[in-house]
Every structure is written in structure tokens, then in C-alpha cells.
Amino acid sequence: MTDCLFCKIVAGEIPAKAAYEDAEVLAFDDINPAAPVHVLVVPKRHIATLNDASPADAPLLGRLFEVAARVARERGVAASGWRATVNVGRDAHQLVFHVHLHLMAGRPFAWPPG
Ligand code: 5GP
Ligand code: ZN
């Protein structure tokens with residue numbers, strides 16, 4: 001997708017600090033971190049929101065969690081705990097319309113979220 005910020009990061013057209021990369025998934029530090037560890041995990045293939053995902057996307061979306069857990073281990077926060085958040089649409093504060101999992105850790109989080 002030509003006009004998508006995260007597609008441009010995937011393509012290397014916009015720089016980002018990579019935390020993990022393979023053929024189908026990229027993880028990179030959030031530019032405006034909301035926690036000491038704040039990493040975005042994205043499918044390289046453009047999917048705008050979870051509303052747009054098909055059953056065939058399930059393995060790819062599952063990999064976002066697997067990569068998040070890997071990065072959490074590597075950043076030393078697996079045991080202390082971490083939050084995995086996917087915002088979907090306006091009310092959930094989705095600003096970038098390319099599916100991304102927020103991995104946040106390094107401080108306690110409130111529940112329910114704001
Ligand atoms: P959303 O609100 O869509 O769930 O989350 C979008 C996230 O993308 C925000 O946490 C925001 O800080 C992050 N973000 C926006 N623009 C950039 C960018 O150019 N680079 C990086 N690394 N993160 C970005
Ligand atoms: Zn995209």
C-alpha cells in the first residue's frame with residue numbers, strides 16, 4: 001500500500017529501530033513510547049484493521065503474539081509482565097491503519113485501560 005506509514009517502514013522508506021524481522025513480521029520501537037518498553041509488531045503485508053482480517057490471516061496474526069513474546073524475552077520483561085494491545089478503529093484510538101500489536105512493558109499498567 002503506497003500511502004501507509006507502516007508499509008513505508010516495512011519497505012525501509014521511513015527509518016525505524018528494528019527489534020525483530022523475518023519474512024512476514026517486523027517489530028520496531030514506537031516513536032513516542034508510552035512505557036519503558038514499547039514495541040510495535042506488524043505484519044509486513046498490509047491489513048488495515050482486525051475488521052479487515054480474513055480466516056486465512058489467522059496464522060500471520062498469531063505470529064504477532066509469538067514475536068511479541070520473543071521481543072519481551074529479549075528485552076527482559078517476560079517475567080515482570082507485558083501488555084499486548086491492538087487498537088481497532090476510532091473509539092479504540094487506532095491512528096495508523098495497518099494492523100499493529102503494541103508490546104508495552106517496564107511499568108505497572110492500570111486495568112481497565114483508559
Ligand atoms: P495506534 O494509535 O494506531 O494504535 O498506534 C500508532 C502508534 O504508532 C503510536 O503509538 C505512535 O506513537 C506510533 N507511531 C506513529 N508514527 C510513527 C513512526 O513514524 N515511527 C514509529 N516507530 N512509530 C510511530
Ligand atoms: Zn500498510
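The values are calculated or read from the model by the stated rules, or taken from the named source; none is laboratory data. Remember, predicted model here, so these are calculated numbers, not experimental data. Counting neighbours? That spans all protein chains shown, and the Cβs are built from the backbone with ideal geometry, glycine included. The area values use the complete protein model at the heavy-atom level, side chains included, leaving out ligands, DNA and RNA. Shrake-Rupley method; radii C 1.70, N 1.55, O 1.52, S 1.80 Å.
Given the residues PRO33, PRO15, which is the only one that is under 13 Å from the mean Cα position of the chain (by Cα), over 19 Å from ASP57 (Cα atoms), at pLDDT 95 or above and open to solvent by 50 Å² or more (accessible area, probe 1.4 Å)?
The unique qualifying residue is PRO33.
Which one of ASP57, ASP91 is open to solvent by less than 90 Å² (accessible area, probe 1.4 Å), among the acidic types (Asp, Glu) and out of contact with any Lys or Arg (no Cβ under 7 Å at 6 or more places or on another chain)?
Step by step, each of ASP57, ASP91 is checked, and only ASP57 is open to solvent by less than 90 Å² (accessible area, probe 1.4 Å), among the acidic types (Asp, Glu) and out of contact with any Lys or Arg (no Cβ under 7 Å at 6 or more places or on another chain).
Among the listed residues ALA68, ALA79, which satisfies the condition of being touching a Phe, Trp or Tyr at 6+ places or on another chain (Cβ under 8 Å) and either surrounded by 15 or more Cβ atoms within 10 Å (Cβ to Cβ) or at pLDDT 95 or above (or both)?
Just one listed residue meets the conditions, ALA68.
How many residues does the stretch 38-71 hold that are within 12 Å of the chain's Cα centre (by Cα) and hydrophobic (A, V, I, L, M, F, W, C)?
Qualifying residue count for the region: 11.
If you check every pair at least six apart or on different chains, which have Cβ atoms under 6 Å apart with a residue in the stretch 78-100 that is more than 10 Å from ligand 1 (Cβ to nearest atom) first and a residue that is part of a loop (DSSP other than H, G, I, E, B) second?
As it stands, the answer is ARG83/PHE109, since those pairs meet every condition given.
When the stretch 1-19 is examined, which residues are found to be away from ligand 2 (no atom under 15 Å from the Cβ), in a loop (DSSP other than H, G, I, E, B) and touching a residue at least 12 places away in the same chain (Cβ under 8 Å)?
LYS17, the sole residue that qualifies.
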